[in-house]
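Undergrad: A single structure is presented below for examination.
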Amino acid sequence: MSAKPSAWRAFAQPSAWTMFFFGFASGLPFLLVAGTLAYWLREGGIELKEITMIASAGMAYSFKFLWAPLVDRWRLPLLGRFGQRRGWLLLAMGCVMAGLLAMAALTPERLAVFVALTLFVAFAGATLDIAVDAYRVEIAPASAQGALVATYSLGYRIALIASGALALVLADHAAWPNVYRVMAALMLVPMVACLFAAEPGVVRVRTEGWAAGLREGVVEPFADFFRRFGGGIGLVVLLFILSIKISDQAIVGGIIGPFYLDQGFSKTEIAAVTKVYGIWVGIAGAFLGGVAVARWGIQWPLLIAIILGAASNLLYLALIGADGDIGLLTLVISGENLAQGFLGTAAVAYLSALVNQRYTATQYALFSSLIMLPGKVLGFFSGAIVEASSGGYATYFLITALVGVPAVLLFFWLRPRLRLGGDEEPSGVPAEDA
């Protein structure tokens with residue numbers, strides 16, 4: 001029996017810290033087309049209903065599986081000389097940077113073009129996610145993936161602090177276009193890291209002709225999923241994935257920024273509590289989720305995480321009429337971010353256990369897209385729900401908690417019918433085939 005690899009050696013490998021920079025790149029555009037953008041739009045006099053629709057540009061992340069096969073198989077001209085993965089990474093990072101600079105130049109005063117640019121940045125950010133996930137899987141063996149995910153998450157959350165807290169603080173002292181120019185400049189750091197990064201040494205399967213290429217890249221990843229799980233159970237698994245994080249994603253977008261402002265909090269206070277303190281609480285929740293999965297496996301911690309994640313949205317009811325009470329905001333953010341961090345780790349573990357590593361990039365893109373889609377759709381209509389309901393924000397937060405119920409019911413239906421593979425070889429099979 002071979003000795004277990006050293007944790008220190010796993011974290012010391014160059015690819016672990018490459019993933020830190022790539023995690024930063026992935027995290028930077030996310031809030032700039034969703035949460036942070038909502039503050040800029042609100043201060044620009046845009047109506048709440050329009051804000052939540054515009055800030056739902058992040059739904060592009062929920063459809064990234066549609067073009068994941070292209071990223072997986074097409075070697076780019078010119079940039080392709082850096083390699084299959086690094087070529088796409090450089091293209092996506094460059095597009096994010098260019099899009100943010102264009103948003104700063106045009107501003108929401110030219111709303112139609114500004115919205116188009118927001119969608120462009122979201123599309124580039126989603127493409128970057130696909131390339132980063134594929135790079136991570138291919139650059140190191142399974143035994144080192146834990147370290148890579150950890151350093152990726154650290155970089156991602158630091159980017160959330162930069163694009164959330166730092167951006168809000170800067171916006172209290174500078175014009176929003178200048179804030180977005182600063183954010184665009186930060187993308188230079190991971191771009192330089194990408195130039196010095198190693199390209200994964202993967203020998204790729206080449207196919208003859210477009211028909212064979214489409215079958216291997218597009219058809220087979222999806223056909224493989226239903227071959228392994230069966231048609232009926234496979235469809236229920238997909239429904240379960242759709243329901244897991246609906247409560248979480250429903251408050252990530254444009255509604256939460258205006259909600260904080262309407263309760264009397266300043267942008268600096270919001271940044272300090274939700275974008276700095278809250279991020280670190282989320283990291284603690286993610287760590288607790290990792291411990292729970294290691295101790296009790298994937299499924300029961302996931303059930304607990306779904307329940308806590310949905311219930312934590314009810315904490316926002318306590319903030320209605322808070323009139324700038326920082327202590328109350330801190331308490332609410334503590335509970336909500338701890339629960340969502342726990343849910344994030346459990347959900348990633350579950351999705352990873354469903355993937356066939358022959359089609360990792362495409363299948364993981366599909367699963368990670370589906371898990372965010374319903375919440376983003378609900379968030380798209382959040383402003384209209386708040387404005388149309390007599391209960392206002394309270395009605396919306398109640399809805400976001402109740403939509404977690406189907407996930408719990410689907411969990412108990414799947415539990416006796418589905419066995420998940422172990423950590424050493426993540427793959428799922430129907431329980432009757434075990």
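Taken together, the values in this text are just the output of simple stated rules run on the coordinates, not laboratory data. Quick caveat: nothing in here was measured; it's all calculated off a predicted structure. Note that we place each Cβ from the backbone using ideal geometry, even for glycine, and neighbour counts take in every protein chain shown.
Undergrad: In Å³ and rounded to a whole number, note down the convex hull volume per residue for the Cα atoms of the range 234-358. Show your work: numbers first, answer last.
TA: On the way: hull volume 14.5 nm³, N = 125.
Cα-based convex hull of the range 234-358, divided per residue, equals 116 Å³.
Undergrad: Next question, about the same structure. Strictly greater than 14 Å: what percent of every Cα pair in the range 245-316 meets that? Display every interim value, and only then the final one.
TA: Working: 1787 of 2556 pairs.
Taking all Cα-Cα pairs of the range 245-316, the fraction more than 14 Å apart is 70 percent.
Undergrad: Of Gly282, Leu168, Trp67, which is farthest towards the positive pole of the chain's charge dipole, taken about the Cα centre with +1 and -1 on the beta-carbons of Lys, Arg and Asp, Glu respectively?
TA: Value computed over the given set: Trp67.
Undergrad: Could you calculate the contour length gain from Leu235 to Arg81, that is, 0.36 nm times the residue separation minus the distance between their Cα atoms, to one decimal place in nm? Mind showing how you got there, number by number?
TA: Numbers: separation 154, 0.36 × 154 = 55.44 nm, distance 4.02 nm.
The span from Leu235 to Arg81 would gain 51.4 nm if fully extended.
Undergrad: Please state the charge dipole magnitude for the chain, taken about the Cα centre, from unit charges on C-beta atoms (+1 on K and R, -1 on D and E), reported in debye and rounded to the nearest 20. All intermediate terms of the calculation are to be shown ahead of the outcome.
TA: Values: 28 positive and 26 negative charges, 216 e Å.
Magnitude of the dipole: close to 1040 debye.
Undergrad: Quick check on packing: order 280-291, 88-99 by the mean number of other C-beta atoms within 10 Å, highest mean leading.
TA: The packing order, highest mean first, is 88-99, 280-291.
Undergrad: Projected onto the charge dipole of the chain (+1 at Lys/Arg Cβ, -1 at Asp/Glu Cβ, origin at the Cα centre), which of Thr395, Ala131, Pro29 gives the Cα projection farthest towards the positive end?
TA: Value computed over the given set: Ala131.
Undergrad: Here's a follow-up. So what does the Cα-only Debye profile of the chain read at q = 0.06, 0.08, 0.12, 0.13 Å⁻¹, as log10 I(q)/I(0), no solvent term?
TA: -0.24, -0.43, -1.01, -1.20
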